[in-house]
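The values are calculated or read from the model by the stated rules, or taken from the named source; none is laboratory data. Here the structure is a predicted model, which means the values were calculated and not measured. Ideal geometry is used to build each Cβ from the backbone, glycine not excepted, and the neighbour counts take in all protein chains shown. The accessibility values were calculated without ligands, DNA or RNA, using every heavy atom of the protein model including side chains. Shrake-Rupley method; radii C 1.70, N 1.55, O 1.52, S 1.80 Å.
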Amino acid sequence: RVMALRSVLRVHSRGGVLGTGRSATRTFSSGAAGAARRIKLYDTTLRDGTQGEGISLSLHDKLAIAERLDDMGFDYIEGGYPLSNEKDVAFFEQVRRLSLRHATVAAFGMTRRKGISASNDEGMLALLRSEAEVCTIVGKTWDFHVRDVLRVSLEENLEMIADSVGFVAASGRRVVYDAEHFFD
């Protein structure tokens, strides 16, 4: 898993050029051979973008923004955290009724909690109940956070990540792993 992430980071860090066009998906040329790679854009406006002071989107706002992001050609739209509030639960129910032409909606969540199996973790179950085709799972990657925030060993943290990703993937969903604080 780490090898794949490092490979992606090496490609990104080579200083290639992003192609242009109407779609948010870009072609990236890197290395001497100039091999083209497709970069897919993932938008977090509906979750991350609402965490600022004084920002509150209605359900109607979130659905309208999702349609605009789709019109702009974004590949993935992170719809929110389905365990956090009823508005996010309703968003995942109603976004399925939209006729998105390009974007795939993703649900955001965290790894299973320590001492609980993924199949019994309410956060993991909320991701599945969202019926999102893609689930993004954020996990701790900084050893300081693993030991001092989660209060688990590095080995247990890796088990939590593997269990969470495996559980969601086994349900037939695509999984994006978000390595929190990877660059810290």
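Values as computed for the structure displayed
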| item | result |
| --- | --- |
| Among (1) at pLDDT below 95; (2) closer than 24 Å to residue 178 by Cα - the single one residue 92 does not satisfy | (1) |
| Residue match in the range 139-160 (condition: in contact with a strand residue (DSSP E or B) (Cβ under 9 Å, 6 or more places away or on another chain), at pLDDT 95 or above and closer than 24 Å to residue 65 by Cα) | no |
| Flag for residue 149 being more than 17 Å from the chain's Cα centre (by Cα) and open to solvent by 40 Å² or more (accessible area, probe 1.4 Å) | yes |
| Exclusive hit being charged (D, E, K, R) and free of Cβ contacts under 8 Å to residues at least 24 places away in the same chain, set 180, 122, 86, 133 | 86 |
| Looking only at the range 36-85, and only at residues there that are in a strand (DSSP E or B) and farther than 23 Å from residue 125 by Cβ, the one that is most open to solvent (accessible area, probe 1.4 Å) | 38 |
| Candidate set from the range 86-109 (those that are part of a loop (DSSP other than H, G, I, E, B) and farther than 16 Å from residue 59 by Cα); member that is most open to solvent (accessible area, probe 1.4 Å) | 101 |
| Residues located in the range 110-135, provided they are of a type in the set (Val, Ile, Thr) and surrounded by fewer than 24 Cβ atoms within 10 Å (Cβ to Cβ) | 116, 134 |
| Flag if residue 75 is under 23 Å from residue 176 (Cα atoms) and of a type in the set (Asp, Glu) | yes |
